[in-house]
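Please treat every number below as a calculation from the coordinates, not as lab data. No experiment lies behind these values; they were computed from the predicted model shown. Methodologically, a virtual Cβ is constructed for each residue, glycine included, from the backbone with ideal geometry; neighbour enumeration extends over all protein chains shown.
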Amino acid sequence: MAIAENVGSISGTVEDSKDGNAIEGAKITLLGAPKEAITNVQGQYNISKVEPGNYTARIEKEGYVRQDIELKITDGQKAAVNVKLKPSPTVGIIVDLTASGTTYKQYLEERGYKVVYLDYQDTDKLGEVDVVFANSDYARNLEPSKEEFLAFQKALDESRKSVIWTGQAGGRGSIRYLQEFNDDPKTIFEHNNKSGAQGAVLDQHPLTTGFKTGDIIEIPGKSGYYYGFDGYSGTTVIDFSHTGTGEKGSMVAYKGRTADSVEILLANMTVSHVFKPNDSFDPARERLLNNALDWALEEKEALVGELNGIVQNVNGAVKGTISVKETGKTYQTDEKGKFFAAFEEGTYTLTIEAFGHNPKEFTVSIKNGEAKNEDFVIDAVDSGILAGKIVDASTKDGIPGARVEVIGTPVTVKTSEDGRYQATLPAGQYEVRVIAAGYKPIYQSVEIATGEQTDLNVSLVVSEKIAFMANPYQQDRIMPFLESNGYDVDLHPYAEFETLIENIQNYKLIIVNDTSYSMKEDRFKAMVEKANENEVSIIFTALFGGPIGDLSDAYGDPEDFEYTFVDKELNLRIDENHPILKGFNKGEELPFLLNPKGAVQYSVFENYSGTTLASLTNPVKGELGSFIAYKFSSSNSVHILLSALQISGYGHPNEKWTENAKKIYVNAINYALTASQGEIKGEVKDSQGNPIPNAFVTIEGTNHKTTTNSAGQYKFGIGIGDYEVKVQARGFAEQTKPAKVAELGSSVDLNFTLEAIDGSDLNGVITGKKDKEHVAGAKLSLVPKDEPDFKMEGSSIENGSYEFKNLLPGEYTLFVTAEGYLQEAFEVEIVSEDKEFNLELNAFEAAVLGDVNGALTGLLNEQELYAEEKGWDILGNVGNYDVILVNTNKGTKEQFEQLIMESDEQKTSLVFTGTWGVAEGSIQRLEEFTGGLEMDQQGYNEGAVYLKAVTGHPIFNGINLDENEHVKIHTAKSPYATFKNYTGIAISSLSVDGESKGDSIGFEFRSKEHMHLLLSSFAVTNIIGPDYGWTQNGRQLFVNALGWSRDTLQEIPEAPAWKMEEFMVKGEPALVEGTAPQGTTVNIYENHGNEVFLIHSVKTGQDGTYSVELDLDNGTHTLYAEAENFAGKTKSVKTMKLIVTGKPEKKDKAN
């Protein structure tokens, strides 16, 4: 067959776009033509005998994204087509197509992408993906709660992943969650029965590649489906409008999330039954979808800068709210005071508010691509400390993770591994709730005094078991909430009601959330009556129907039960004061259930034989009916009706429930667990009449157990009967007394006076370890290891002595706190005899201004350079320390000036730090007071950070050096900074990736005994510190440096030397030069017979040289030099002979 003379060819290479390496085995196909080729080992290919025409060349290789290229071959053309294939990225898809058809996963995999499926809870999988496509097709069971969605966004930013949000009518897409949970965009408009929607391209942008400005993109949505949004804080590149409704807004928009990631909003592009591959992907929207994916995966210039902030007061981190004036946005800190915000380049005003603190305004300037780390210090109002330990009442072991909630405030703290906690509170009275999984919640009242610590130690008893009967589908909606509040709950599937009836005696409370259609009336009654017989309380719920209706059908009590819905909100009116309504007041009307987007379902009842406590209301419909009621089912159990708090798709703690609803649900459970028509109560005291807190009180033969409060009081709710009440307390003989509850409603007072058990005494003297001086006023806490909540307190008197009396044998921990000394803990064992135990405390040698979460004080104390964290109240007390580490730039100019002045007066060394970012460290503040000093280079996200070692210098003692005599101080990608033009002595330079960046360590003696020391790359922030970024060598070098600044004394300088010992000048000033130790002053004297005159003084330069221009008279001059520093003076060994000639003779003026 003859070959046409006008055929052409296509050849070229295929390379990896990431590393430029040739790709062998890539397949190149001309679609629609029987032509293809495979690349060789050099990545080369050739397709010959290609007839003129238009072609699509498809290039594909496993592990790479497929690429289609449009080309035109002319007569005889030899076309060169070189291709760079992108390695296959991984796309995480959230809720792919749920209808039948080709999924987006299949669509992407066919094109060479890797795909994994994610849910909004899968934050741990974000490290596996390169970009997230939040499709969120219709799937009610996979819709996130607000908490889950916000946590997902936080994880996105922490992992620096870009995300594509989509939107479509009919409960599809993820843009709806941005609007609902972030209020950004502010408005969504959607419909599924109106054609006429379209987009208009506004600008040229990677998202609009293939379109021109002004192009109209029709939305050929099935059945007229359309979606748009308005009020978005990002940049819109394609407008949305509807020719029929007049709605206008955005269709495609974007903004930066972090310096390395973006978010893209695509309305009308949720992969769903109206927009799916191989069916309803129209070319325009398919192109937009692919543009979005390409741009999200590309490296691009940063669109925003990052602010990583920590809100704190002088005592540590603070949980607060940050409001940004320019954007109207608010941010919440986590429990460690941390928050993250992304800003477009500019200056912003931040107002920070926190409970118990005065609001404070800050100004922050940020550049795109900058990652700024900033500490925001706010001032507490008059406040004190609440602290203590939460323990198991039986074992006395500390309970980790227990929550201590201060009711009526946002303050909630968790206990540490040993059960300890601490919180800062404004002075005043509070009620505190203590919760731990598997334990009964405890309520205690406390009073906080300004400047003082109030101890609240709590012993928790194991919680009684609860059965939750429900559709298993409700498990994730309620079980985490119940468990987080400390309840021990078993979920009983509602279809397995017989198992629950059989085991009902094993529970104290049944929550009937759902009943099965197979549970007939007789079995419902059997459950209720067996619970009553066993004194088991029941909570009946309802919402849009529910178990209260079953109760009404079975017993006619309540007589009337109905359910319906209202629009948007349901309110609660308090009709009676009662423990179920703890924290509320009679007559209050409060938000209860909210759904800004639509209906709120509810049930109400009337004519119940028990006591009605609250009603439901609505702003439009007014009073709706009764909502909460209770009655006793036995002397020790109750029935509680909650007619709008059934867990279902219509509402649950993470959806529609307000904080008021959650509080009432918890209150109802607590009351059901403890309700009784009788009670035994009393006080436990010692023989001196003092209350005994945390005594363990039990009623023998029952499950009733509790502990006394700080006033020694206890109380049990219990029915009619005869009981034996036993009290146990450490150091006292246990005691048991009988009690009789004779009739319902009666209250029995039963008080105990316990006799102390004879024990041994512990005494000793407290002194300082270095100076051996007696330490008066030390506070001591003696804690027995087997019962740590039984803490004894004391203090040392003027001669340093202390004493504890009448101790039981056993092992104790003695905690000692004294002003100016490190808090210490000593282990001591008490036997049958009195014990003398003398204590030595380590005085603080250093103070840290601006510590971050105790990182610096922790490191220094670990290395036995004892330090404490201080604020600017250090002024006036600078002389208490040998060295002060200044790790902050927060403070007024006057405060820094006073610090420097006092340190010079008191001979206290100051250490200034720096790091990447002008808002970190303190060296930049020293610039204000030191001529010449400037910050030099800075950076982060590069290689490891090294310092040049100085052989023999104490700072480098014990440090491992590499072959180039460098020491690695920070790991790769760590922030760093350097300085220049320092008038002191620079002793070490810093390098990254083999490139010198400038001076990093320098010092200047301010007296013989103290100095200023500069460490330009050792500021601790929330992104670098001893435990995150510093190497072991870096930690050791830092400690060495502070120890050196504390201990070293300036030595008398070595003698200066002349560059020339004799020379002559004629008719001009003489330039005298020489060498002397760095940092010294060189004084130049002239001998005139027996007299010596100082003629000039000069400071040596960084290289140890000096030079001075002397304008002397004709003649021979004998000079000597003297090197001087704070330690003393040293004369030059030799004199200089300077001969001056050729200068005009001076003449006396005529009289």
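Please sort by residue number the GluC sites (Glu not before Pro) in the range 828-873 whose DSSP state is loop and whose Cβ has at most 16 other Cβ atoms within 10 Å.
E833, E864
Along the principal axes of its C-alpha atoms, what lengths does the range 846-1047 span, in descending order and rounded to whole Å?
On the principal axes, the range 846-1047 reaches 46, 35, 33 Å in Cα extent.
So, in nm, how far is label S781 from label Q735 when the simple model puts each one 7 Å beyond its Cα toward the Cβ?
Between S781 and Q735, the simple spin-label model gives 2.8 nm.
Please list the non-local residues whose amide H lies under 5 Å from the amide H of E218, H modeled 1.01 Å from N, same-chain partners needing a gap of 5 or more.
Long-range HN contacts for E218: G199.
Could you calculate, for the range 87-127, the ratio of the Cα radius of gyration to the Kirkwood radius, expressed as Rg to Rh?
For the range 87-127, the value is 0.99.
Amide H of L456: which non-local residues (sequence gap of 5 or more, or other chain) have their own amide H closer than 5 Å, using H built in the peptide plane?
For L456, whose amide H was placed from the backbone, the distant partners under 5 Å are A387, G388, K389.
Give me the net charge for the shell around Y812: Cβ to Cβ below 11 angstrom, other residues only, Lys and Arg +1, Asp and Glu -1.
-2
Would you list which lysines come within 17 Å of K597, measuring only between C-alpha atoms, while excluding same-chain residues fewer than 8 positions from it?
K146, K186, K568, K656
Per residue Cα convex hull volume for the range 679-754, in cubic angstrom?
77 Å³
Using θ = phi - 60° and the Karplus form 6.51 cos²θ - 1.76 cosθ + 1.60, what ³J(HN,Hα) does each residue of the range 562-578 get, whole Hz, x for Gly and Pro?
Calculated HN-Hα couplings, in order: 8, 9, 6, 8, 10, 8, 6, 8, 10, 10, 10, 10, 7, 9, 9, 7, 6 Hz.
Expressed as a whole number of Å, what is the distance separating the alpha-carbon centroids of the range 278-301 and the range 872-919?
If you average the Cα positions of each part, the centres end up 56 Å apart.
Expressed as a whole number of Å, what is the distance separating the alpha-carbon centroids of the range 123-181 and the range 492-551?
38 Å
For the range 55-98 and the range 766-821, compute the distance between their C-alpha centroids and round to whole Å.
So the separation of the two Cα centres works out to 76 Å.
By the scheme Lys and Arg +1, Asp and Glu -1, what is the net charge of all other residues having a beta-carbon under 13 Å from that of G598?
Once all neighbours under 13 Å are counted, the net charge is 0.
For the range 1057-1141, how big is the tail of P(r) above 22 Å, as a whole percent of Cα pairs?
Roughly 21 percent, once rounded to a whole number.
Between the DSSP loop rule and a limit of at most 15 other Cβ atoms within 10 Å, which chymotrypsin sites (Phe, Trp or Tyr not before Pro) in the range 900-994 are left?
Loop-located and lightly packed - F929.
Run lengths n ≥ 4 of DSSP H only: what is the helix-derived mean residue ellipticity at 222 nm for the chain, with -39500 (n - 2.57) per run over all residues, to the nearest 500?
Estimated from H runs of four or more residues: -3500 deg cm²/dmol.
Do the alpha carbons of any pairs in K520/K582; K255/K973; K125/K194; K78/K300; K27/K125 sit beyond 31 Å of each other, and which pairs?
Pairs exceeding 31 Å: K520/K582; K125/K194; K78/K300; K27/K125.
Using only the alpha carbons, work out the radius of gyration and Dmax of the chain in angstrom.
39.4, 138
Among the GluC sites (Glu not before Pro) within the range 641-727, which fall in a DSSP loop and have no more than 15 other Cβ atoms within 10 Å of their own Cβ?
E700
Which Rg and Dmax, in Å, describe the Cα atoms of the range 760-841?
Final numbers for Rg and Dmax: 12.1, 36 Å.
Enumerate the aspartates and glutamates that K681 could reach by cross-link, defined here as Cα to Cα under 12 Å, with residues fewer than 8 away along the same chain left out.
In chain and number order, the partners are D749.
Of all alpha-carbon pairs in the range 8-85, indicate the percentage at a distance above 20 angstrom.
Cα-Cα pairs of the range 8-85 separated by over 20 Å account for 24 percent.
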